[in-house]
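Engineer: The structure follows.
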Amino acid sequence: MTPRSLFDRMSLLPGRLGQRLGLLDHVPEGLPDGAPPPRHVFRWDLDKTYLRTEFDSLADLARSAVENAADKQAYPGATALLRALHQDGHRICIVSGSPTQMRQVLAAKLALDGISYDEFVLKNNLKNLLRGRFRALRAQIPYKLPAMLQSRLGAAAEAETLFGDDAEADAIIYCLYADLIAERVTLADLERVLIASRAYDDDAVRILDLARRVPKYDAVRRMFIHLDRRSAPVGFRHYGPRLVPVFNYFQAALVLYGDRVLSARQVIFVALEMLDSGQFEIGHLATSVQDVIRRGRISREVALQLAAEAHEAAHSGALSGRNDLPPFEQIAHAFRDRVRELGPVDHRADELTATLDYVRLVDEEHEHRRTRRRRGH
Amino acid sequence: MHRIVVDAMGGDHAPEEIVHGAAEASLALPSAEIILVGDAAELGRLLPRMRHDGARVRVHHAPTFVEMDEKPAEALAAKPESSIAVAADLVARGEGDALVSAGNTGASVLACARRWPLLQGVRRAALAAVYPTELRRGEKDDPFSLILDVGATIEASAEDLVGFAVMGSAYAKLVSQNRRPRVALLSNGTEAGKGPAPVVAAHAALVETTELNFIGNIEGLDIPRGVADVVVTSGFVGNVVLKMLEGVSETVVRLARYAHKERLAWRLGLIALSSAIDQLKSITDWQQYGGAPLLGFTHPFIKAHGRSNAHAITNAIKVAHKALAGNLCGHIARTMAELDERANRRPRTANDATSDPGAS
């Protein structure tokens, strides 16, 4: 139960101070007693997924660490998308690899953007450093996977959607998590993956325990990988159609519209935020629609249905006060043109045929990371 | 945003290398949109294999394409929905701003000529080619000179040649960042009165222009020396010269191979020179240059080499982007209008109508 009295709040202070300094772990508060389980949980990474962060070099890292909240930039459309999801009553859980010492500035940035969230977990790297666990400083799976399992233990939903990026191992971690809670990956398999991930023994024991206790259900409906590095989308094909690489958040909104998670009006709001950023024009959004159709991530029918519903939404005021935009008919025409330009060709996404070999994927990811380090990326 | 239409099916290595080049260009040119024209299924299969920006590369379906060895006019008549025809149409309809193709040169030029209007004041279009030279030029230390026309207009009048000079100069200014490119007429002697009538008349007209840095006539041997930055000639002569220069280069390479095989001393000599040869090769690599522009139309068209790989295509797209960003066509039209205005003000003299076709 959430403490309400002054005494209760005072009693939390030492713990919060410890968390801020990085001496104590932040454990997400689950649902309050008696609260109904959430319908849909959206798990978001922050760096390179929500926030435009450069940490390819030490200078980038240093710059990122001293930036204040106002200097940090969200990707166009991500804020509108997160707001829409929260307004619909979905649970927003943020799991980021940023250090706990950045909690204040990151929380301030989210507040500036008007983002409300239910959980916000950061990586306690100071603790890793003090314990001499240098492997854990860069480790992804031994950090993110238990954070997500812990979160699900506190608030299990029947549906989950995950947002990550192509900079690190998000695709592997998210699929592993999805397969674990759907009981497609056994504990023995997980143990092998943790060994390949070079997890410390006690961390591995803790993760296996969480995996044993986590509520099992095939809950993960979608995983979005934001192509921050502009990686080739085909590199993610083996993860199957549930994982959608996206170049921008309009594409994510389109897929979520197709999944009946977002309304046409909410998709319009994502599009408007992207146009307002000055980094996108209507043509870019129309091309983004064509791209997801071409990759078989949404059908032409869904795109046309969206155009029809967006037309209604525009007439009912979704575009009111937007004198800077051309009439909606003109915008819809540009979108329909892009769909028509594809000709009569039928585009379908390749279906997942084989189960994933996570040990191999982890090994490949390590090799990939080593290569990137050698090249100075 | 500049929209660059790319014939994805044209070229010896199409569509893979073309799509790859366009994908790279989408990352390098954030203010451009690339429109790939070709078989949508094939392009849709290739594009996700490459790093690119999905909001800046789109596909426009075209069910057929013109083969490299097809006769241009016949092929375009038989395949009205070929990728080059559809691509040129898109630009003509205002759905694209520039065109890049590595496909059949004749078909590409014809497709543009049939759909795009000429710039005001331009009587004939010119296809330009670049040739590596001894001297360098411009802010980029460009080792290439521009030769035009190399085949778009077989017989050129004096006015056509003046137009070519204006177009070539504008292009060199923009692409080579050469503030005042040296423009010369190709003739059989450096004297003003030498050459066929159109060349002599063009010389007389160009001498009076202040817009161009006209240095007079040059001879064939001056081309590889790099005496001029822009070499102006008729399409017939230009094509013969270009082919001959290419032939000489190939012969030199063959002789070097022969020398390499024949004698150990010659082989050692070539090995000693190998790093210098490699450097020369990289400097004069046509793939760096992108392609040859077709000048005179209301839109830029960059004809990439038929053997273009992804790198050459990316560079050709960058050149098209540069032409759009620098308003190449606008500059040409403005200079042509200025020349026209001056010609109208000037009373006609005997020199305008007659010439002395002297021979060396």
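No value in this document is a laboratory result; all are computed from the given coordinates. This structure is a prediction, so every number in the text was calculated from the model and none was measured. Here the Cβ positions follow ideal geometry from the backbone for every residue, glycine too, while neighbour counts run over all protein chains shown.
Engineer: Rounded to a whole number, what is D in µm²/s for segment A:86-203 from Stokes-Einstein with the Kirkwood radius over alpha-carbon pairs (37 °C, 0.692 mPa s)?
Structural biologist: 210
Engineer: Roughly how big is segment B:88-204's charge dipole about its Cα centre, with Cβ charges of +1 (Lys, Arg) and -1 (Asp, Glu), in debye to the nearest 20?
Structural biologist: With only Lys, Arg, Asp and Glu charged at Cβ, the dipole is about 180 debye.
Engineer: Right, another one. Quick check: net charge around residue A:197, other residues with Cβ under 13 Å of its Cβ, Lys/Arg +1 and Asp/Glu -1?
Structural biologist: With Lys, Arg at +1 and Asp, Glu at -1, the net is -1.
Engineer: Test of understanding: ordering A:226, A:90 by Cβ neighbours within 10 Å, fewest first, what list do you get?
Structural biologist: With the fewest neighbours first, A:226, A:90 line up as A:90, A:226.
Engineer: Relative to 2.2 N^0.38 Å, what does the C-alpha radius of gyration of segment B:113-241 come to as a ratio? Two decimals please.
Structural biologist: 0.96
Engineer: Same structure again: For segment B:50-131, what's the relative contact order in percent, using C-alpha pairs closer than 8 Å and at least 6 residues apart?
Structural biologist: Computed over segment B:50-131, the figure is 27 percent.
Engineer: Need one value for A:226-238: mean number of C-beta atoms belonging to other chains within 10 Å of its residues' C-beta atoms.
Structural biologist: Taking the mean over all residues of the peptide, I get 3.
Engineer: Okay, next question. Taking one equal scatterer on every alpha-carbon of chain A, how large is log10 of I(q)/I(0) by Debye at q = 0.12, 0.14, 0.15 1/Å?
Structural biologist: The calculated log intensity ratios at q = 0.12, 0.14, 0.15 Å⁻¹ are -0.97, -1.30, -1.47.
Engineer: Rounded to two decimals, what is Rg over Rh for segment A:240-284 when you use alpha-carbon atoms and the Kirkwood radius?
Structural biologist: Computed over Cα atoms, the ratio is 1.00.
Engineer: What's the exposure ranking of A:255, A:234, going from fewest to most Cβ atoms within 10 Å?
Structural biologist: By the 10 Å Cβ count, ascending: A:234, A:255.
Engineer: Find the all-direction average of the projected area of the Cα convex hull for segment B:1-102, expressing the result in square nanometres with one decimal place.
Structural biologist: 5.9
Engineer: If segment B:123-199 were replaced by its equivalent ellipsoid, with semi-axes equal to the square roots of 5 times the Cα gyration tensor eigenvalues, what would those be, largest first, whole Å?
Structural biologist: Taking √(5λ) for each eigenvalue gives 22, 15, 11 Å, largest first.
Engineer: Over 25 Å between Cα atoms: which of B:79/B:303; A:109/A:144; A:48/A:109; B:194/B:322; A:72/B:318; A:48/B:322 fall into that group?
Structural biologist: Check vs 25 Å cut-off fails for B:194/B:322; A:72/B:318; A:48/B:322.
Engineer: In deg cm²/dmol, rounded to 500, what helix-only [θ] at 222 nm does chain A give when every DSSP H run of at least 4 residues adds -39500 (n - 2.57) and the total is split over its residues?
Structural biologist: -15000 deg cm²/dmol
Engineer: Another question, if that's okay. Restricting to chain A, compute how many DSSP beta bridges are antiparallel as a %, nearest 5.
Structural biologist: 5
Engineer: What would the Debye equation give as log₁₀ I(q)/I(0) for segment A:280-333 at q = 0.29 Å⁻¹, counting only Cα atoms as equal point scatterers?
Structural biologist: After summing over all Cα pairs, the log10 values are -1.21.
Engineer: Taking H as built 1.01 Å from N, whose amide H comes closer than 5 Å to the amide H of residue A:74, not counting residues under 5 places away?
Structural biologist: A:52
Engineer: Follow-up. Taking the Cα centre of the protein assembly as shown as origin, work out the dipole magnitude from +1 charges on Lys and Arg Cβ and -1 charges on Asp and Glu Cβ, in debye rounded to 20.
Structural biologist: Approximately 1640 debye in magnitude.
Engineer: DSSP loop trypsin sites (Lys or Arg not before Pro) in segment B:158-224 with at most 11 other Cβ atoms within 10 Å of their Cβ, which ones?
Structural biologist: B:179
Engineer: A further question on this structure: For segment A:235-353, max minus min Cα coordinate along each principal axis, in Å, sorted largest first?
Structural biologist: 48, 27, 26
Engineer: Based on the Cα atoms of segment A:254-308, what semi-axes does the equivalent ellipsoid have, where each is the square root of 5 times one gyration tensor eigenvalue, given in whole Å with the largest first?
Structural biologist: Result for segment A:254-308: semi-axes of 18, 14, 9 Å.
Engineer: In Å, the Kirkwood hydrodynamic radius of segment B:188-244 over pairs of distinct alpha carbons?
Structural biologist: By the Kirkwood definition, the hydrodynamic radius is 12.1 Å.
Engineer: Please name which of B:335, A:162, B:215 has its Cα lying farthest along the dipole of the protein assembly as shown towards the positive end, using unit charges on Cβ (Lys, Arg +1; Asp, Glu -1) and the Cα centre as origin.
Structural biologist: Value computed over the given set: A:162.
Engineer: Hey, another quick one. Along the charge dipole of the protein assembly as shown, which of B:204, A:129, B:324 sits closest to the positive end, that is, farthest toward it, with unit charges on the beta carbon of Lys, Arg, Asp and Glu (+1, +1, -1, -1)?
Structural biologist: Going by the charge dipole, the pick is A:129.
Engineer: Can I ask one more? Output the antiparallel fraction of DSSP beta bridges having both residues in the protein assembly as shown, as a percent to the nearest 5.
Structural biologist: For the protein assembly as shown, the DSSP antiparallel bridge percentage is about 20.
Engineer: A follow-up question, please. Let me see the pair-distance distribution of segment B:31-85: every alpha carbon pair, 10 Å bin width, integer percents in order.
Structural biologist: Distribution as computed: 23, 42, 26, 9 percent.
Engineer: What's the whole-number percent of alpha carbon pairs in chain B lying beyond 26 angstrom?
Structural biologist: Every Cα pair in chain B considered, those over 26 Å come to 51 percent.
Engineer: Using Cα pairs under 8 angstrom and six or more residues apart, how large is the relative contact order of chain A, in percent?
Structural biologist: 17
Engineer: Another question about this same structure. Enumerate by residue number the trypsin sites (Lys or Arg not before Pro) in segment A:117-167 meeting two conditions: DSSP loop (anything except H, G, I, E, B), and at most 12 other Cβ atoms within 10 Å of the site's Cβ.
Structural biologist: A:131
Engineer: Then there's this: Of the candidates A:326, A:146, A:215, which one comes out as most mobile in a Gaussian network treatment of chain A with C-alpha springs shorter than 10 Å?
Structural biologist: Of A:326, A:146, A:215, the Gaussian network model singles out A:326 as fluctuating most.
Engineer: Right, next: Between segment A:97-161 and segment A:302-341, what is the separation of their alpha carbon centroids in Å?
Structural biologist: About 38 Å separates the Cα centre of segment A:97-161 from the one of segment A:302-341.
Engineer: In addition: How large is log10 of I(q)/I(0) for segment A:145-268 at q = 0.19 Å⁻¹ when the intensity is taken from the Debye formula with one equal scatterer per alpha-carbon?
Structural biologist: Ignoring solvent entirely, the Cα scatterers give -1.08.
Engineer: About its Cα centre, what dipole magnitude does chain B give when the only charges are +1 on Lys and Arg Cβ and -1 on Asp and Glu Cβ, stated in debye to the nearest 20?
Structural biologist: 560
Engineer: Would you report the distance distribution of C-alpha pairs in the protein assembly as shown as whole percents per 20 angstrom bin, up to the bin with the largest distance?
Structural biologist: Spelled out bin by bin, the protein assembly as shown gives 15, 38, 29, 15, 3, 0 percent.
Engineer: With both bridge residues required to lie in chain B, what share of the DSSP beta bridges run antiparallel, to the nearest 5%?
Structural biologist: Approximately 30 percent, going by the DSSP bridge assignments.
Engineer: Okay, helix-only estimate at 222 nm for chain B: each DSSP H run of n ≥ 4 adds -39500 (n - 2.57), divide by all residues, round to 500 deg cm²/dmol; what do you get?
Structural biologist: It lands at -15000 deg cm²/dmol.
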